[in-house]
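One structure below.
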Amino acid sequence: MRTILDIITPNNLVEEREKFLKSSTYNPVFRYKWTSQEVGEFAHKHSKYKKLVLAIEKQDTDTIVKEAEKVFETKIEQEYLVTAQNIISAHPDLPNQSVFVKDIIAEFQHVLNYFNLSYSFTVVPHAGFNFRPVYAKKKILVNENTDFHLLSLDGSIKHEMTHILRYTNGKYNKISRSSNYLPTEEGLACFMQDTYGEFGAASLFQHAAEYTVTEIGLKSSLRQMINYLCSIGFTKELAWQRAIRHKFGFIETSQPGDIMKPSMYFYTEQKLKTLHIDDLLKLFNGKISLQEINKYQKYIGIVPQDKLISYFSIKN
C-alpha cells in the first residue's frame, strides 16, 4: 500500500458495474485488496491518514467522513452549495463529440510535444478516473471508457497537464511536494479546465454536480446518488463513473456516507477564483499548496512562462 488511493480504491469495480447496470435494485458491494496488517502498516507510516484508514478498516462511517474532511480540506458549506446549485440549474452547451482512445492519445501527445515532455500511455478498463499520470514511470493511464458527455478533450487534457506541469517544475526547482498539496492540486486543475478549456461551462457543471451530490451521498446510497445525477442530465455511465468515487473506502454502498474527496475539487476551485494571475502562475512552481503561495515572489520553472500562458490562454 503506497498511497491513500491504494487504500480507498475498490478492486472489483468492473464486476460491480455490470451487476449495477443490469439491475434496478442491486447496490454494489465494494471489495479492497488490503489486509488489516497492511492498513496498520500504512497508518504507522502515514500519520496524516492514520485515523482515516483505521476508520475505513472498521467501516466507521461518521469517523470516515469527519477525518476525510480534515485530510482533504473540504466540507459542504452553504455558500458553496448554493453556488453549485445555481450552476447546475441551467444545463450548459455540451461538447457533443465522439472521442476515441486514439484521439485522446494523439491530442495528449501533441500537447506533450509542445512542452518537450515524454510520456507513454497505458489504456485501462472501467477505472475510477479518466486519466492518471504515473510520474515515476513517465506514463499516463487512460480509462478506455471515459465519458465525454460533459467534458471536452481539450479541457480534460488541460486538467491533466496542470498536474504534469506542476510535477515537472517542482522536480526542476527541487521543491518537495507539500503534505497538503492535494486540495490545491485538484482545485487548480479544475479551475484551469473550467476557465480556460473548451466547453468550460460544461465541465464546471460536472464539478458543481459532484459537490451537490456529496450532500446526497452523506445521507443516502450510491444508487440514489446515481439517480440524482441522471435526473440533472448525466448519462447513466457518467453518473456511475462520478458517483462511485464518493463511496470509495466503503464496502456497503447502500449505506449513507461519503469519502468527501470528490467535493474537494469544486470546493478548492472556488477559493482560487479571485487569485491574481501572478499568484495563479506561482502555483505551477511545484506541487505546493495555496497556503504556501506567499513563499514565492514569482513563477519559476523549466517550463517557460510564456509557453504556460499561451497554452492555457491565461488572461489578466
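The values are calculated or read from the model by the stated rules, or taken from the named source; none is laboratory data. These numbers come from a predicted model, not from an experiment. Here the Cβ positions follow ideal geometry from the backbone for every residue, glycine too, while neighbour counts run over all protein chains shown. The protein model used for the area step is the full one, side chains on, heavy atoms only, and it has no ligands, DNA or RNA in it. Shrake-Rupley method; radii C 1.70, N 1.55, O 1.52, S 1.80 Å.
Scanning residues 5 or more positions from LEU141 or on other chains, those with amide H under 5 Å from its amide H are THR122, ARG132, VAL134, with H placed 1.01 Å from N in the peptide plane. Within the range 175-316, the ratio Rg/Rh, alpha carbon atoms throughout and Rh by Kirkwood, equals 1.04.
For the chain, report the accessible area per residue in Å² (1.4 Å probe, heavy atoms, rounded to an integer).
Numbers: 14240 Å² over 316 residues.
Ligands and nucleic acids excluded, the result is 45 Å² per residue.
Going through the cross-link list LYS158/LYS219; LYS48/LYS273; LYS45/LYS70; LYS22/LYS75; LYS50/LYS139, which pairs have a Cα-Cα distance over 25 Å in this structure? In this structure, LYS158/LYS219; LYS48/LYS273; LYS22/LYS75; LYS50/LYS139 exceed 25 Å between Cα atoms. When peptides 194-205, 59-70 are ranked by their average number of other Cβ atoms within 10 Å per residue, the highest-first order is 194-205, 59-70. Distance from the alpha carbon centroid of the range 1-76 to that of the range 178-246 works out to 18 angstrom. Of the beta bridges in the chain, as assigned by DSSP with both residues counted there, near 50 percent are antiparallel.
Solvent-accessible area assigned to carbon and sulfur over the chain amounts to 49 percent, based on a 1.4 Å probe. When the C-alpha to C-alpha distance is required to be over 22 Å, the pairs from LYS19/LYS137; LYS58/LYS137; LYS137/LYS171; LYS33/LYS261; LYS51/LYS287; LYS174/LYS315 that qualify are LYS19/LYS137; LYS58/LYS137; LYS51/LYS287; LYS174/LYS315. Packing order of peptides 214-224, 263-273, highest average first: 263-273, 214-224 (average count of other Cβ atoms within 10 Å over each peptide's residues).
Against the compact-protein benchmark of 2.2 N^0.38 Å, the Cα-based radius of gyration of the range 39-78 scales to 1.19. Of the labelled figures [x] 19.2; [y] 20.8; [z] 20.1, only one reflects Kirkwood radius over Cα pairs in Å as derived from the coordinates, namely [z]. By DSSP, the beta bridges lying fully in the range 83-148 are antiparallel in about 45 percent of cases.
Residues LYS236, LYS315, sorted by accessible area with the largest first, give LYS315, LYS236 [1.4 Å probe; ligands and nucleic acids excluded].
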